[in-house]
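> Take a look at the following structure, please.
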Amino acid sequence: MFIEIPNYKTLDLKNIVCDYNGTIAKDGKLLNGVGELFKKLTKDFKVFVITADTFGSVQKELQGFDIEIIVLKSTHHTVEKKDFLNSIGAQNSIAIGNGNNDSLMLQEANISIALIGDEGCSVKTLKNADIVCKNILDALELIIYPKRLIATLRE
Ligand SMILES: [Mg+2]
């Protein structure tokens with residue numbers, strides 16, 4: 001999807017990369033309403049969920065969605081998330097996260113959204129974001145209704 005943001009950036013978005021807990025899930029459970037928005041977004045975008053999977057629940061929670069799940073394996077999750085984003089093309093990606101280990105992924109993505117939800121947000125990650133949202137539904141709707149994204153970011 002092409003999105004022109006006046007005096008900011010022209011985007012050619014293909015990928016959405018989301019953190020799991022604190023971003024689209026709480027205590028391992030997918031948040032209400034996220035699934036419906038993912039069903040819309042997976043028609044136009046490749047959606048990836050990248051997570052340490054603290055609760056061991058991500059596969060079950062996202063069963064049936066056209067989403068690629070990446071469970072982190074290394075001892076340096078911040079770098080592993082960034083490296084994954086670069087492997088799929090950071091220039092064509094929007095990244096969404098809340099944790100410290102999302103900081104480099106948000107820095108590298110062409111557009112990045114930090115979330116301040118129930119688990120809070122790492123300040124380092126917040127500083128690397130283009131936009132801060134108060135919940136994931138608002139964040140995903142910025143992509144579904146890109147005029148909202150344009151209104152927030154244009155200069
Ligand atoms: Mg998180």
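The values are calculated or read from the model by the stated rules, or taken from the named source; none is laboratory data. Predicted model only: the values in this text are computed from it and were never measured. Every residue, glycine as well, gets a Cβ built from its backbone with ideal geometry; the counts of neighbours run over all protein chains shown. Heavy atoms of the whole protein, side chains included, go into the accessibility calculation; ligands, DNA and RNA do not. Shrake-Rupley method; radii C 1.70, N 1.55, O 1.52, S 1.80 Å.
> What are the residue pairs meeting all of these: first residue in segment 12-23, first residue aliphatic (A, V, I, L, M), second residue within 13 Å of the ligand (Cβ to nearest atom) and assigned to a strand (DSSP E or B), Cβ atoms under 7 Å, and 6 or more apart or on different chains?
Qualifying pairs under 7 Å: VAL17/ILE50; VAL17/ALA95.
> Kindly indicate which of SER74, SER103, SER112 is of a type in the set (Ser, Thr, Tyr) and farther than 20 Å from ASP130 by Cβ.
Testing whether each residue is of a type in the set (Ser, Thr, Tyr) and farther than 20 Å from ASP130 by Cβ leaves just SER74.
> Take segment 1-23 and flag every residue that is closer than 15 Å to ALA109 by Cα, more than 12 Å from the ligand (Cβ to nearest atom) and not hydrophobic (A, V, I, L, M, F, W, C).
TYR8, LYS9, THR10, ASP12, LYS14, ASN15, listed by residue number.
> A further question on this structure: Please specify each residue of segment 107-119 satisfying the condition of being part of a strand (DSSP E or B) and at pLDDT below 95.
GLY117
> Look through segment 86-106, keep the residues that are of a type in the set (Val, Ile, Thr) and part of a strand (DSSP E or B), and return whichever of them is farthest from ILE24 (Cα to Cα).
The extreme case among them is ILE94.
> Restricting the search to segment 71-82, which residues are within 13 Å of the chain's Cα centre (by Cα) and open to solvent by less than 30 Å² (accessible area, probe 1.4 Å)?
LYS81
> From the set of residues in segment 46-64 that are open to solvent by 50 Å² or more (accessible area, probe 1.4 Å) and either among the hydroxyl-bearing types (Ser, Thr, Tyr) or more than 12 Å from the ligand (Cβ to nearest atom) (or both), which is nearest to the chain's Cα centre (by Cα)?
LYS46
> Could you list all residues from segment 30-40 that are surrounded by fewer than 16 Cβ atoms within 10 Å (Cβ to Cβ) and assigned to a helix (DSSP H, G or I)?
Passing the criteria: GLY35, GLU36, LYS39, LYS40.
> Additional query: In this structure, is LYS43 within 24 Å of LEU149 (Cα to Cα), away from the ligand (no atom under 16 Å from the Cβ) and either assigned to a strand (DSSP E or B) or at pLDDT 95 or above (or both)?
Yes: the conditions hold for LYS43.
> Among the residues of segment 24-40 satisfying the criterion of being within 16 Å of the ligand (Cβ to nearest atom) and either in contact (Cβ under 8 Å) with a residue 60 or more places away in the chain or of a type in the set (Lys, Arg) (or both), which is nearest to LEU115 (Cα to Cα)?
Ranking the qualifying residues of segment 24-40, first place goes to ILE24.
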